[in-house]
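S.K.: This structure is in structure tokens; I'll ask about it shortly.
The values are calculated or read from the model by the stated rules, or taken from the named source; none is laboratory data. Here the structure is a predicted model, which means the values were calculated and not measured. Every residue, glycine among them, receives a Cβ derived from its backbone with ideal geometry; neighbour counts consider all protein chains shown. Side chains are part of the model used for accessible areas, which takes the heavy atoms of the whole protein and leaves out ligands, DNA and RNA. Shrake-Rupley method; radii C 1.70, N 1.55, O 1.52, S 1.80 Å.
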Amino acid sequence: MVQYGVGYADAKDIAMTVFRENFSKLSKEAHRVAFERAEEFTANYLSELHNREPKAIANLEDPGVQSDILEAQSGFAKSGHRDLGEILVDILVDRTARTERSTASLTLSAALSTAQKLTSPHFAALSSLFALKQLRAVGATRPDQIYAHFSNYLSPMRDDMKALSSSDVQYLAGLGCLTISIGSNPVHATLQTTYPGLFCAGMDISSAPSDLSGSAEDGPESVARRFKDTPAIMRTLRDPSKFQVAAVDKEGLSALLARTGLTEYDDILQRTLTARPMDGDLIISEIREFSSSLGDVIDAYNIRDLPNCSNTAIGTAIGHANIRKVTSGAFTAALDVWIS
């Protein structure tokens, strides 16, 4: 086994010594319970650290890291709540890997403290915002793949989302986990914007003129008719009598045009890609048909005005950790993608 200056036994001793010295004033029974919980937490933390960030074990000698270990140990020792313990472990492993004073390390330190003030519905709200507004289903080419992507992350949180209240959302804003704005970005609008090619109503080109001026006034039906015999246009996914741009999103379209020598038409085809979005109610109906559990989550998300909200960096860190928890580690995307 490779050692990096601090071994497992040394790391456990460091972590428990810090805890023991700070909890020595508790009554005998309270100290026993707290110490047992701290030992359990520390064992889980070191195991996860060894699996995900083995080289970071040397950072346990860093004063800032030790302070955050104590913060996480204390949070679990006081509550003993298993879900909270898992989330704190996840955040603490990410924090231990960073000794520099940076936005990421400061965010993770704040998240360790803030997470202790949250309940399961709070965690679910932050994870729902994270999944629906910050995650992308990379490589998806069909709507059902998008729905499966969301269902994997959100369906396990159905009961917690249904228990969420408007007061919970205000509470999260007060703690600095999310911001509430006037503008709304409902689920269907997010899907239409992120994956326009998968949520397109299609274009009937039967009566559209085929001549184009090249200006913004050219209608999408005319563009589709002009390019229907090229790789840029295909039959619409839900209605083969109609046509749409043959790309999932803007990036995919640009790549397609580069491969097929149609780059000079990028502007006009990009406009056409987003020109005929699918009806929002139909999108939600499709989601419910795919998964009733996911549909329940979306309903709760909409009822509590989460479409008007966005995660802060702290909310992102907590929502990210909770998704890792509810998926039993199947979600592996590094936090650095969103917080660096």
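S.K.: Name the helices (runs of 4 or more DSSP H) wholly inside segment 260-340 in which the number of residues that are within 19 Å of Ala97 (Cβ to Cβ) and either in contact with a helix residue (DSSP H, G or I) (Cβ under 8 Å, 6 or more places away or on another chain) or without any contact (Cβ under 8 Å) to a residue 24 or more places away in the chain (or both) is 1 or more. Talk me through it step by step, then tell me what you get.
M.R.: On the way: elements: 266-273, 280-290, 292-303, 313-326.
Answer list for segment 260-340: 313-326.
S.K.: Okay, next question. Mind telling me which of the residues Val223, Val248, Val297 ends up being in contact with a Phe, Trp or Tyr (Cβ under 9 Å, 6 or more places away or on another chain) and within 18 Å of Ala140 (Cα to Cα)?
M.R.: Only one candidate passes the filter, namely Val248.
S.K.: Can you name the residue in segment 81-103 that is open to solvent by 20 Å² or more (accessible area, probe 1.4 Å) and not charged (D, E, K, R) and is also nearest to Lys117 (Cα to Cα) among such residues?
M.R.: His81
S.K.: Let me ask something additional. Among (1) over 17 Å from the mean Cα position of the chain (by Cα); (2) farther than 19 Å from Leu172 by Cβ; (3) modelled with pLDDT under 95, which single condition is Glu289 missing?
M.R.: (3)
S.K.: Let me ask something else about it. Output the residues belonging to segment 241-256 that are of a type in the set (A, V, I, L, M) and surrounded by fewer than 21 Cβ atoms within 10 Å (Cβ to Cβ).
M.R.: Here is the first cut: in segment 241-256, the ones of a type in the set (A, V, I, L, M) are 245-248, 253, 255-256.
Once the filter is applied, which keeps residues that are of a type in the set (A, V, I, L, M) and surrounded by fewer than 21 Cβ atoms within 10 Å (Cβ to Cβ), segment 241-256 yields Ala246, Ala255, Leu256.
S.K.: Residue by residue through segment 110-164, note down the ones that are open to solvent by 50 Å² or more (accessible area, probe 1.4 Å), closer than 25 Å to Val89 by Cβ and small (Gly, Ala, Ser).
M.R.: Ala163, the sole residue that qualifies.
S.K.: Please specify each residue of segment 141-160 satisfying the condition of being more than 21 Å from Ala330 (Cα to Cα) and touching a helix residue (DSSP H, G or I) at 6+ places or on another chain (Cβ under 8 Å).
M.R.: Pro143
S.K.: Since Ser241 meets every condition but one in (1) of a type in the set (Ser, Thr, Tyr); (2) touching a residue at least 40 places away in the same chain (Cβ under 8 Å); (3) not in a helix (DSSP H, G or I), which condition does it not meet?
M.R.: (2)
S.K.: Here is a check on your reading of the model: is Val2 among the β-branched types (Val, Ile, Thr) and either open to solvent by 70 Å² or more (accessible area, probe 1.4 Å) or modelled with pLDDT of 90 or more (or both)?
M.R.: Here the answer is yes, as Val2 does meet what is asked.
S.K.: Since Arg225 meets every condition but one in (1) touching a residue at least 40 places away in the same chain (Cβ under 8 Å); (2) assigned to a helix (DSSP H, G or I); (3) buried (at least 20 other Cβ atoms within 10 Å of the Cβ); (4) not polar (S, T, N, Q), which condition does it not meet?
M.R.: (1)
S.K.: If you don't mind, another one. Select from segment 39-62 the residues that are of a type in the set (A, V, I, L, M, F, W, C) and without any contact (Cβ under 8 Å) to a residue 40 or more places away in the chain and write down the one among them that is most open to solvent (accessible area, probe 1.4 Å). Can you show your working first?
M.R.: Of all residues in segment 39-62, those of a type in the set (A, V, I, L, M, F, W, C) come to 41, 43, 46, 49, 56-58, 60.
So of that shortlist, the ones also without any contact (Cβ under 8 Å) to a residue 40 or more places away in the chain come out as 43, 46.
Numbers: Ala43: 36, Leu46: 5 Å².
The extreme case among them is Ala43.
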